[in-house]
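To keep things clear, I will list the structure first and then write my remarks on it.
A short reminder: the numbers here are calculations on the coordinates, not readings from a lab. Every value quoted in this text rests on a predicted model; they were computed, and no experiment measured them. Reconstructed Cβ throughout: ideal geometry from the backbone, glycine too, with neighbour counts over all protein chains shown.
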Amino acid sequence: MKRTVALILCAVMIAACFLFPGCTRKQGALRKIVLNEVTRSVFYAPLYAAAEKGFFADEGLELEIVTGGGSDASMTALLAGEADFALMGPETGIYVVNEGKADHPMIVGQLTKRDGSFLLGREAVSEFSWEMLRGRSVIAGRPGGMPFMTLMYVLNKHGLEPGKDVEIINNIQFNLMGGAFHSGTGDFVTLFEPTASTFEKNGSGFILANIGLESGEVPYTAFMTSKKTIENEPELVESFIRAIAKAQKWAVEASDNEIAAAMQPYFPDSDIPTLEAVAKSYRETDSWMKDPVMTEEAFQRLLDIIEFNGELKARVDFSELVDNSFAEKVLKEIK
């Protein structure tokens, strides 16, 4: 009788797994991990979708996202062991390598592939020209950071010499740039979404140009973790990257509305129509990676931009900072 009951229970559980896919998730208590993100932005939509759609839970992980407010802060949190992973600009890892730190963190996955910021001005214009910045001021972010360096690259591309033709305001913390502009500092500012669209909606600023389209494709934001984590807990890194890869694949197939709905819990002050519009914008400009593998060609282009800005002490070998092994492995599994 006991054997019969056990077989019936087993059959019920198997049937439930077909009816409710969630039961295929790894059993037991979820392991809590901390990710320190450089800033909170719809630009990172696939990350929030990975959490909201249950891809991390599928891997037995409970993700806590902490916003650092700058790549330097995110890197500090990772180096101090306050975060298991960090999402930030790859340039921060390059700087740490050039400082001679042997146990520097490694890039294990890429999330975005171009600058996600927009140039805003105080007045709406029918036809924008970069010449409009000549003799004016722009809040540009932190020197050495990707938002700052890509803007310098774009200004030079349009024949404007930073510091001479355009006043560069570079002493305002990254997450305070919008507030400073709103308070009257600067004639222009670069902001990420949803802040950029919110400013335009409220009449606090007007979007004039997409910096990412102007600067071209570069490895802009990546996931990093310590060598210690890679060596001691490779299964954790693999699970983390698998969740990201699944979310990236989902984002390719999902509608703008579905992406907006998935990220909305992380942007309570933004409504679905706003998030849907900015999701559409980032998809149309091909800003999100379709998989987490960083290419060496893109990495070399990143080094070129950093070198152009005079911030590169020495070129770093691709393999010294980038570990694609986890991303390449999970891609074979989820195709």
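Which order do peptides 211-220, 294-303 fall in by mean Cβ count within 10 Å, highest first? It would help to have the intermediate numbers written out before the result.
Values: 211-220: 20.6, 294-303: 16.9.
Going by the mean number of other Cβ atoms within 10 Å, highest first, we get 211-220, 294-303.
May I ask you to derive the FRET efficiency for residue 34 and residue 313 from their Cβ-Cβ distance with R0 = 25 Å, giving the value to the nearest 0.05?
Efficiency, rounded to the nearest 0.05: 0.25.
Once fully extended, how much extra length lies between residue 272 and residue 285, figured as 0.36 nm per residue of separation less the alpha-carbon to alpha-carbon distance?
2.7 nm
Considering the dipole of the chain built from charges on the beta carbon (Lys and Arg +1, Asp and Glu -1) around the Cα centre, which of 204, 250, 38 is farthest to its positive end?
Positive-most Cα among the choices belongs to 250.
Round to the nearest 0.05 the FRET efficiency obtained for residue 258 and residue 99 when R0 = 45 Å and r is the Cβ-Cβ distance.
0.60
Quote the charge dipole size of the stretch 36-90 about the Cα centre in Debye, to the nearest 20; the model charges only the Cβ of Lys and Arg (+1) and of Asp and Glu (-1).
220 debye
With the cut-off at 32 Å, tell me which of the pairs 32/249; 113/335; 201/335; 227/335 have Cα atoms farther apart than that. Before the final figure, lay out the partial values.
Working: 32/249 24 Å; 113/335 21 Å; 201/335 40 Å; 227/335 28 Å.
Those over the limit are 201/335.
Answer with a single label: of (1) 88, 46, 31; (2) 64, 46, 36; (3) 57, 42, 41, which was calculated as Cα extents along the principal axes in Å from the structure in view?
Identified label for the calculated read-out: (1).
With n ≥ 4 as the cut-off for DSSP H runs, can you work out [θ] at 222 nm for the chain, using -39500 (n - 2.57) per run divided by the number of residues, rounded to the nearest 500?
Helix-only estimate at 222 nm: -13000 deg cm²/dmol.
Where in the chain are the DSSP H helices whose alpha-carbon span along the long axis reaches 20 Å or more and whose Kyte-Doolittle mean is at least 0.5? Mind showing how you got there, number by number?
Working: long enough: 2-19 (26 Å, 2.03); 234-253 (29 Å, 0.08).
Membrane-span-like by this rule: 2-19.
Relative to a virtual label point 7 Å from the Cα of residue 66 in the Cα→beta-carbon direction, which members of the stretch 221-258 show backbone nitrogen distances below 20 Å?
So the set is 222-230, 233, 236-237, 240-241.
By the gyration tensor of its Cα atoms, with a ≥ b ≥ c the square roots of the eigenvalues, what is the shape of the stretch 118-215: rounded for a/c under 1.5, prolate for a/b over b/c, or oblate? Mind dumping the intermediate values first?
Details: a/c = 1.44, a/b = 1.18, b/c = 1.23.
Rounded.
Work out, step by step, the length gained on full extension between residue 125 and residue 182: first 0.36 nm times the residue separation, then minus their alpha carbon distance; give nm to one decimal.
So the chain would gain 18.7 nm between residue 125 and residue 182.
If you find the alpha carbon centre of the stretch 140-155 and of the stretch 258-315, how far apart are they in angstrom?
Here the answer is 15 Å between Cα centres.
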